[in-house]
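*Asks:* Next up is a structure, given as structure tokens.
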Amino acid sequence: MVSTRAMGAAGPRVFSGVQPTGHLTLGNYLGAMRRWAEVDQHRGDAVFCVVDLHALTVEHDPARVRRLSRQAATLMLAVGLDPQRCTVFVQSHVDEHARLSYLMECTATDGEMRRMIQYREKAARVTARGGSVRLSLLTYPALMAADILAYGTQEVPVGADQAQHVELARDLAVRFNQRYGPTFVVPKATLPGVAARVMDLQDPTSKMGKSEQTRAAGIVYLLDEPDVVRKKVLRAVTDGGSAVAYEPAERPGVANLLSVLAACTGGDPEGLAGSYGSYGALKEDTAEAVVEVLRPVRERHAALAADTGYVDGVLRDGAERARSMARPRVDAAYRAVGLLA
Ligand code: TYM
């Protein structure tokens with residue numbers, strides 16, 4: 001078993017990432033990024049990545065991917081990731097991801113890939129628009145498994161929508177180790193207690209996703225101005241009836257607002273439901289809570305975006321550190337499968 005711990009921290013090796021396919025959302029923040037900054041980087045040896053190769057699995061504009069990658073990296077620092085404590089880098093700067101992805105494709109099966117819910121949903125959307133589904137959309141979870149396994153990752157802090165992909169990474173690690181000898185640590189997903197799946201404010205039966213251009217009214221972006229955030233939350237679709245109760249199946253709109261409010265204020269959604277007599281008051285408080293949570297992120301982003309040299313430097317150092325963490329394990333995997341590495 002290879003075990004290189006570049007930063008030498010005592011806690012678990014944590015890895016997570018975000019795709020630069022659109023502007024980052026409140027879902028990204030509450031589901032994943034906030035914990036990276038508040039918890040994960042302080043507990044152990046954490047690695048966070050802008051997974052730009054994943055953004056090529058759907059039709060994309062090169063200039064936009066470039067812009068969004070820089071913005072995602074800047075936002076990772078703006079939410080509080082400290083490059084002195086953790087490693088922040090861009091996936092395509094470290095060849096080990098693509099190298100290991102191929103071995104993961106040789107470990108996974110076609111059926112496994114086709115069962116992935118996200119593949120089925122995204123492929124259906126592409127087809128409905130008359131587009132063609134890229135092969136990389138199908139093999140995406142192999143690359144994601146490579147991202148995770150290259151670093152000897154123990155914990156993967158993600159929102160609920162990524163749990164199935166992390167499960168697959170677990171299965172692939174176990175299978176590879178059984179076939180070729182112990183090479184990979186078997187990772188597990190860690191989900192937030194509340195807001196593991198923030199829903200679209202206009203369609204609370206769908207996830208709040210960053211790439212849904214057509215539904216921008218239901219998506220709170222991290223860089224939305226406070227007035228825009230207020231407007232979006234106040235116009236959130238609520239459900240029939242008027243009593244405020246936390247019933248995700250029957251009242252998804254209200255349950256979503258309660259979850260967001262709970263995540264922003266540290267309460268619990270069921271407990272909060274009892275303190276509201278009307279949807280209006282719930283929306284007002286949720287809007288203010290979201291504005292306050294995002295305020296420091298927007299402010300820090302503005303300061304960091306003005307200093308591109310700093311962000312570039314962080315990403316350069318991060319890539320170097322990431323490369324030295326990943327390389328020995330990926331080399332070991334190449335040798336284990338019989339390549340003359
Ligand atoms: P992505 O870019 O879609 O989302 C980044 C993180 O945000 C979480 N998230 C949400 N959480 C709660 N509610 C939502 N509405 C919501 N939307 C997004 C996601 O669960 C994720 O944690 N495949 C991944 C990126 C990735 C990755 C990895 C993650 C690639 N390789 C390795 C972890 C480890 C993705 O598309 O995330």
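*Asks:* In whole percent, what relative contact order does the chain give with Cα contacts below 8 Å and a gap of six or more residues?
*Replies:* Once normalised by length, the contact order is 23 percent.
*Asks:* On to the next question. Need one word for segment 67-188: rounded, prolate or oblate. Basis is the Cα gyration tensor (sqrt eigenvalues a ≥ b ≥ c); a/c below 1.5 gives rounded, then a/b vs b/c decides. If you can, show how the numbers build up before the last one.
*Replies:* Numbers: a/c = 1.83, a/b = 1.08, b/c = 1.70.
It is oblate, given that a/c is not under 1.5 and a/b is not larger than b/c.
*Asks:* For the chain, list the DSSP H helices whose alpha carbon atoms reach 18 Å or more along the long axis and whose average Kyte-Doolittle value is 1.0 or above?
*Replies:* 135-149, 252-265
*Asks:* Another question, then. For a label point 7 Å from the Cα of residue 178 along Cα→C-beta, name the residues of segment 98-115 whose backbone N is under 14 Å from it.
*Replies:* 107-109, by backbone N distance to the label point.
*Asks:* First compute the accessible area of the chain with a 1.4 Å probe, then give the percent of it belonging to carbon and sulfur atoms.
*Replies:* Solvent-exposed carbon and sulfur of the chain make up 51 percent of the total.
*Asks:* For segment 295-341, report the convex hull volume of the alpha-carbon atoms normalised per residue, in Å³, without decimals.
*Replies:* 94 Å³
*Asks:* Residues of segment 278-296 with backbone nitrogen within less than 14 Å of a virtual label 7 Å along the Cα-to-Cβ line of residue 242, please, listed as ranges.
*Replies:* 278-282
*Asks:* Given that compact globular proteins tend to follow 2.2 N^0.38 Å, what is the ratio of the alpha-carbon Rg of segment 185-326 to that value? Walk me through the numbers on the way to the answer.
*Replies:* Details: Rg = 18.2 Å, N = 142, 2.2 N^0.38 = 14.5 Å.
That works out to 1.26 for segment 185-326.
*Asks:* Also: Taking R0 as 22 Å, what's the FRET efficiency between residue 312 and residue 56 from their Cβ-Cβ distance, rounded to 0.05?
*Replies:* 0.55
*Asks:* So, one more: Can you list which of the trypsin sites (Lys or Arg not before Pro) found in segment 89-181 are DSSP loop residues with at most 14 other C-beta atoms within 10 Å?
*Replies:* Hits after loop and neighbour filter: 115, 129.
*Asks:* If the cut-off is 20 Å between C-alpha atoms, which lysines fall inside it for residue 283, apart from same-chain ones fewer than 8 positions away?
*Replies:* Reachable lysines: 207, 231, 232.
*Asks:* Normalising by the residue count of segment 213-301, find the relative contact order in percent from Cα pairs under 8 Å and 6+ residues apart.
*Replies:* That works out to 33 percent.
*Asks:* Per 10 Å bin from zero, what fraction in whole % of the C-alpha pairs of segment 39-89 is there, up to the bin with the longest pair?
*Replies:* Pairs per bin, as whole percents: 24, 45, 24, 7.
*Asks:* Report the antiparallel proportion of the DSSP beta bridges in the chain as a percent, rounded to a multiple of 5.
*Replies:* Counting DSSP beta bridges with both partners in the chain, the antiparallel share is about 10 percent.
*Asks:* Right, another one. So if a site counts as exposed when it's one of the GluC sites (Glu not before Pro), its DSSP state isn't H, G, I, E or B, and it has at most 12 other Cβ atoms within 10 Å, what's the longest stretch of the chain without one?
*Replies:* The longest uninterrupted stretch comes out as 60-249.
*Asks:* Oh, and also: If I take the Cα coordinates of the chain and project them onto the principal axes, what are the three extents in Å, biggest first?
*Replies:* Answer, in whole Å and largest first: 68, 43, 38 Å.
*Asks:* Expected output is a single nm value to one decimal: the length gained when fully extending between residue 160 and residue 341, i.e. 0.36 nm times separation in residues minus the C-alpha distance. What is it?
*Replies:* 61.5 nm
*Asks:* What does the net charge come to around residue 190 if you take all other residues with beta carbon closer than 10 Å to its beta carbon, with K and R at +1 and D and E at -1? If you can, show how the numbers build up before the last one.
*Replies:* Values: positive: 35, 188; negative: 40, 155.
It works out to a net charge of 0.
*Asks:* Another question, if that's okay. Taking amide H positions as placed in the peptide plane 1.01 Å from N, state which residues far from residue 87 in sequence (5 or more) or on other chains have amide H under 5 Å from it.
*Replies:* 46, 47, 48
*Asks:* Per residue, how much accessible surface does the chain expose to a 1.4 Å probe? Answer in Å², no decimals.
*Replies:* 43 Å²
*Asks:* Okay, moving on. Determine which residues of segment 264-285 fall in the zone a paramagnetic label at residue 42 would reach in this model, i.e. backbone nitrogen under 18 Å from the point 7 Å along Cα→Cβ.
*Replies:* The answer is 264-267, whose backbone nitrogens lie closer than 18 Å to the label point.
The values are calculated or read from the model by the stated rules, or taken from the named source; none is laboratory data. Every value quoted in this text rests on a predicted model; they were computed, and no experiment measured them. For neighbour counting, all protein chains shown are included, and Cβ atoms are generated from backbone atoms with ideal geometry for every residue, glycine included. Keep in mind that these areas ignore ligands, DNA and RNA; they rest on the heavy atoms of the full protein, side chains included. Shrake-Rupley method; radii C 1.70, N 1.55, O 1.52, S 1.80 Å.
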